1. Filter the stretch 103-128 down to residues that are under 20 Å from Gly80 (Cα atoms) and crowded, with 17+ Cβ neighbours inside 10 Å, then give me how many there are.
2. Going through Ser61, Ser118, Ser87 one at a time, which residue ends up being outside any strand (DSSP E or B) and closer than 18 Å to Arg41 by Cα?
3. Does His83 satisfy being more than 20 Å from Thr130 (Cα to Cα) and under 11 Å from the mean Cα position of the chain (by Cα)?
4. Pairs under 6 Å by beta carbon, first residue farther than 15 Å from Val124 by Cα in the stretch 61-87, partner of a type in the set (Asp, Glu) and part of a strand (DSSP E or B), six or more apart or different chains?
5. One residue is enough: does the stretch 93-104 have a residue meeting the conditions at pLDDT 95 or above and basic (Lys, Arg)?
Amino acid sequence: MNKRSYLLLVALTALLSAPAKSPASELTPVVADGISEEAARHKATVEERMTDYFQYEYTVSPGKVTSAKATVIEILPVQGWPHRFRSTGKAYVETFDARRRTSSRISVKFEVETEEKSSGAIKVERLTVT
């Protein structure tokens, strides 16, 4: 085997052993969770806004919310609406009843639709708490 054949063989071996790139992965950047960068921005916004909602706006009776943490379980694009996502998740809420001097923990499911506006801001379009 001459030097030229050897170099060609080495180049072909390296080319064939390299992982294949799919066209979809080149067009849609993916973050660590396996979702697109746009979906990751929506997910982070939903988790932040839902945590604030359950901490400061959600009412429990009797008692008061002492802490809350929202987690998005699933995020999907809304068909026919560019830049709009539907997120479902669960919020873990800790409450305290001063009269009875008891605390409790509850979980609450939610669904949120968010849309990225032309200004780049992500707005909550619809919120359902179950």
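1. Adding up the residues that qualify gives 6.
2. Working: Ser61 fails: closer than 18 Å to Arg41 by Cα; Ser87 fails: outside any strand (DSSP E or B).
Only one candidate passes the filter, namely Ser118.
3. So His83 fails the test.
4. Pro62/Asp97; Gly63/Asp97; Thr66/Glu94; Ser67/Glu94
5. Scanning the stretch 93-104 turns up no residue that is at pLDDT 95 or above and basic (Lys, Arg).
The values are calculated or read from the model by the stated rules, or taken from the named source; none is laboratory data. Note that the structure is predicted; figures quoted are calculated from it, not measured. Virtual Cβ from ideal backbone geometry, glycine too; neighbours counted across all protein chains shown.
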